[in-house]
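Here is the structure we will look at.
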Amino acid sequence: MSDTSMRAIVQHALGGPDVLLVAEIPRPEPLPTEVRVKVYAAGINPVDWKTRVGEGMAGELGAPPFILGWDVSGVVEKVGFGVTTLKEGDEVYGMPWFPRAAGAYAEYVTAPARQFARKPTSITHEQAAGVPLAALTAWQALVDTAQIRAGQRVLIHAAAGGVGHLAIQFAKHLGAYVIGTARAAGHGWLTEIGADELIDYTAVRFEDAVADVDIVIDLVGDHYDDTSTRSLDVLRPGGLLVAVPAGVSPELAAAAEAKGMRVSPFLVEPDGPALTSIGELIDSGSVAVEVEEVFPLEQAAAAHARGESNRTRGKLVLRVVS
Ligand SMILES: NC(=O)c1ccc[n+]([C@@H]2O[C@H](COP(=O)([O-])OP(=O)(O)OC[C@H]3O[C@@H](n4cnc5c(N)ncnc54)[C@H](OP(=O)(O)O)[C@@H]3O)[C@@H](O)[C@H]2O)c1
């Protein structure tokens, strides 16, 4: 490989995991205010496999060929004109460009310097790559959208997943009473990281097991088993449902209005300063990221197949530098 090229996972067609192929392509150059980051590890998120098949952010990325991935942990290797907050050699993490393409499944990424933050020093690049998109989702949904306050009762669906396990910890840190839905196998771990109460959604209907909730962070949606619509039944009057996976359908909006509840759609945004705050929580030991498995970059297809099983505990990550 020359010093102007790089390895990346490029897809030339929409489709199953086998469209994810290793290719050698030109290294991107940073424009003014941008940095080029040498990617040590790239996080995987459900939006990646949704986009791979033509859903998710496929509209924003346009027709293939494109490079998937938004979550990056790595080292600043080149700075563009005007960048004064980062320098060569700085360890950073981020979720740049979302929902435009970031091309994180690659050896180098260029993006605006301020969409990155210093990588938490207490964790590896592989752990840090699992943080940005999931943690920003959990943080922005709880803090910015729901404006969570100490003492509130919060229900987090899919508590064992990438977003859920971080949402549990943030909500606990912010003083809430934290309830989660997860299979029984995850209950021990989720209790250790801060859940006050857990519901095995495979054994009971959650609306029969919990009530008087102020905020629902719904990470499942109506797609499988009407989780969003059923969540309206656990809220206090005026309570808020944040519908994370697929927004608010007209039917859900009407059901919420009829019951006197509030619903909000949600889309995560790049946010360097929030990642700095999140990194401080990680380095102080208040929050931990769980990485279930790390795959080599060239095994991106296997990593997607694993993620699509919808059983991931915490995060899946691609190792780019060994
Ligand atoms: N709008 C946005 O900005 C945004 C941002 C981030 C994520 N999202 C979306 O939010 C969803 C969650 O993302 P993620 O990264 O957390 O996914 P993930 O890590 O792949 O979630 C996997 C987890 O989901 C749990 N799960 C599956 N079905 C469930 C159900 N019916 N009830 C409760 N838990 C269930 C599983 O736990 P068990 O083993 O306990 O079953 C597993 O641990 C995805 O649809 C993603 O696309 C949207």
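Just to be sure before I move on: is residue 24 crowded, with 17+ Cβ neighbours inside 10 Å, part of a strand (DSSP E or B) and acidic (Asp, Glu) in the structure I sent? In short, no.
Just to confirm my filter: which helices (runs of 4 or more DSSP H) fall fully inside region 248-322 and include at least 3 residues that are within 16 Å of the ligand (Cβ to nearest atom) and surrounded by 15 or more Cβ atoms within 10 Å (Cβ to Cβ)? Break it down into steps so the answer makes sense when it comes.
On the way: elements: 250-259, 272-283, 300-308.
Correct list: 272-283, 300-308.
Of the strands (runs of 3 or more DSSP E) entirely within region 89-134, those holding at least 2 residues that are within 15 Å of the chain's Cα centre (by Cα) occupy 91-94. The one condition from (1) in contact with a helix residue (DSSP H, G or I) (Cβ under 7 Å, 6 or more places away or on another chain); (2) more than 22 Å from residue 223 (Cβ to Cβ) that residue 126 does not meet is (1).
Among the criteria (1) more than 15 Å from the ligand (Cβ to nearest atom); (2) under 25 Å from residue 312 (Cα atoms); (3) open to solvent by 40 Å² or more (accessible area, probe 1.4 Å), the one residue 229 does not fulfil is (1). If the condition is being open to solvent by 20 Å² or more (accessible area, probe 1.4 Å) and either more than 17 Å from residue 109 (Cβ to Cβ) or not hydrophobic (A, V, I, L, M, F, W, C) (or both), then region 35-57 contributes 38, 40, 46, 49, 50, 53, 54, 55, 56.
So for region 163-185 (the condition being under 26 Å from residue 267 (Cβ atoms), part of a strand (DSSP E or B) and touching a Phe, Trp or Tyr at 6+ places or on another chain (Cβ under 6 Å)), does at least one residue qualify? Yes: region 163-185 contains one or more residues that are under 26 Å from residue 267 (Cβ atoms), part of a strand (DSSP E or B) and touching a Phe, Trp or Tyr at 6+ places or on another chain (Cβ under 6 Å). Within region 39-46, none of the residues are at pLDDT below 95, in contact with a strand residue (DSSP E or B) (Cβ under 7 Å, 6 or more places away or on another chain) and aliphatic (A, V, I, L, M).
The values are calculated or read from the model by the stated rules, or taken from the named source; none is laboratory data. This is a predicted model, so every value here is computed, not measured. Don't worry about glycine lacking a Cβ; one is built from the backbone with ideal geometry, like all the others, and counts go over all protein chains shown. Heads up: the accessible areas ignore ligands, DNA and RNA and are worked out on the full protein's heavy atoms, side chains in. Shrake-Rupley method; radii C 1.70, N 1.55, O 1.52, S 1.80 Å.
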